[in-house]
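Student: Quick one: the structure is below, and I'll ask about it shortly.
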Ligand code: ADP
Ligand code: MG
């Protein structure tokens with residue numbers, strides 16, 4: 001009877017919008033006590049918008065945006081998409097980029113108009129021996145205080161400006177997280193974004209500030225999951241991005257958003273087809289119910 005009940009469980013899952021890799025997944029789903037949620041694209045819409053361009057003293061804003069949009073044209077990151085469409089909205093013409101390189105979790109770089117330029121986290125610019133001046137530091141701090149995500153652009157040894165993007169929390173996220181809590185699970189927010197932006201989102205959806213893990217490099221997301229497991233937690237990871245794949249695979253239960261990348265979907269045990277986070281608590285409830293009828 002066991003396999004039959006499990007098959008019924010997976011069939012019921014399909015009706016709820018849950019795609020389950022195999023019937024055995026329900027067992028790990030039932031035992032989960034900790035849910036680690038990726039921020040961008042999982043709790044938020046992932047559709048970022050360019051809010052503001054701030055030029056360094058003596059720099060031209062349109063020029064900053066022109067180089068940024070040109071560089072980001074080669075990237076599929078939500079921040080890149082926001083900058084490219086922000087440039088288009090403002091009528092800025094892009095130019096070609098040579099030697100484009102994307103540095104996972106940090107930013108991108110390439111040669112624009114014969115000049116090597118780099119955009120991303122301040123740390124990336126520092127790595128490239130680009131000086132981030134006090135005006136830029138102040139603008140970054142202000143953007144973070146506002147709960148937004150700033151990135152810095154620089155070339156020829158100097159940071160030239162910042163580009164500020166933000167995205168909205170999905171309307172369903174707060175309800176989903178309160179249902180996870182009702183099931184006795186502890187939610188965490190995990191992101192490569194800055195701590196202030198992450199805590200702003202956490203406050204909106206009801207995740208405790210001490211359960212926010214920010215500034216995490218893609219390669220370290222899996223390590224966070226493993227650290228929890230070493231503490232005896234049974235961990236579900238919910239994510240959508242390429243940078244979540246390793247963490248999804250490491251988790252006791254990997255849940256991907258159907259709206260996310262193929263890499264994330266392949267690395268997961270279970271897919272929330274419509275990308276609705278409220279289906280995550282549904283999945284856990286279903287697993288508990290299915291397996292209690294077997295026992
Ligand atoms: P998340 O965990 O929120 O999905 P990522 O790991 O993809 O974030 O990125 C972390 C940070 O690296 C971003 O907040 C940004 O500062 C920087 N970054 C990554 N990709 C880009 C890019 N294409 N352009 C500019 N900055 C980037
Ligand atoms: Mg994401």
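Student: For segment 163-237, what is the Kirkwood hydrodynamic radius in Å, using each pair of distinct C-alpha atoms?
Tutor: Answer for segment 163-237: a Kirkwood hydrodynamic radius of 13.3 Å.
Student: Just for the chain, what percent of DSSP beta bridges are antiparallel, to the closest 5?
Tutor: 65
Student: Given labels modelled 7 Å from the Cα in the Cβ direction, how far is it in nm from residue 129 to residue 51?
Tutor: Those two pseudo-labels are separated by 3.5 nm.
Student: Could you list 128, 155 in order of exposure, starting from the residue whose Cβ has the fewest other Cβ atoms within 10 Å?
Tutor: Lowest count first: 128, 155.
Student: Return the single residue from 96, 192, 161 with maximal mean-square fluctuation; model: Gaussian network over the chain, springs between Cα atoms under 10 Å.
Tutor: So, out of 96, 192, 161, the one fluctuating most is 96.
Student: For 290, 40, what's the fewest-to-most ordering of other Cβ within 10 Å of each Cβ?
Tutor: Listed from fewest to most nearby Cβ atoms, that is 290, 40.
Student: For a bin width of 10 Å, list the pair-distance distribution of segment 16-104 built from all Cα-Cα distances, rounded to whole %.
Tutor: Values per bin, smallest distances first: 14, 31, 23, 14, 13, 5, 0.
Student: Which FRET efficiency value, to the nearest 0.05, is calculated for residue 21 and residue 171 with the Förster distance at 30 angstrom and r the Cβ-Cβ distance?
Tutor: The formula returns an efficiency of 0.60 here.
Student: Suppose we look only past 35 Å in the calculated P(r) of the chain. What percent of the Cα-Cα pairs does that tail hold?
Tutor: Roughly 25 percent, once rounded to a whole number.
Student: Taking the Cα-to-Cβ direction at residue 60 and at residue 230 and moving 7 Å from each Cα, how far apart do the two end points lie in nm?
Tutor: Using points 7 Å along Cα→Cβ, the separation is 5.3 nm.
Student: How much length is gained if the chain between residue 183 and residue 14 is pulled fully straight, taking 0.36 nm per residue apart and subtracting their Cα-Cα distance, in nm to one decimal?
Tutor: 58.7 nm
Student: Turning to a different aspect of this structure: Relative to the present Cα-Cα distance, how much length would full extension add between residue 116 and residue 215 at 0.36 nm per residue of separation?
Tutor: 33.1 nm
Student: Give, as ranges by residue number, the residues of segment 43-66 whose backbone N falls under 12 Å from the point 7 Å along Cα→Cβ of residue 95.
Tutor: Zone members listed by number: 63-64, 66.
Student: Could I ask something else about it? Treating the angle as unsigned and between 0 and 90°, give the value, to the nearest 10°, between the Cα long axis of helix 173-182 and the longest Cα principal axis of the chain.
Tutor: Value to nearest ten degrees: 40.
Student: Quick check: the angle from helix 78-89's long axis to the longest principal axis of the chain, C-alpha only, nearest 10 degrees?
Tutor: 50
Student: Once the Cα atoms of helix 2-16 and of the chain are each reduced to a long axis, what angle between those two axes, in degrees from 0 to 90 to the nearest 10, is obtained?
Tutor: Value to nearest ten degrees: 40.
Student: Let me ask something additional. Quote the Stokes-Einstein diffusion coefficient, in whole µm² s⁻¹, for segment 51-166, based on the Kirkwood radius over alpha carbon pairs, a temperature of 20 °C and a viscosity of 1.002 mPa s.
Tutor: For the chosen part, D equals 157 µm²/s.
Every number in this text was worked out from the coordinates using simple rules, so none of it is lab data. Just so it is clear, the model here is predicted, and its values are computed rather than measured. Ideal geometry is used to build each Cβ from the backbone, glycine not excepted, and the neighbour counts take in all protein chains shown.
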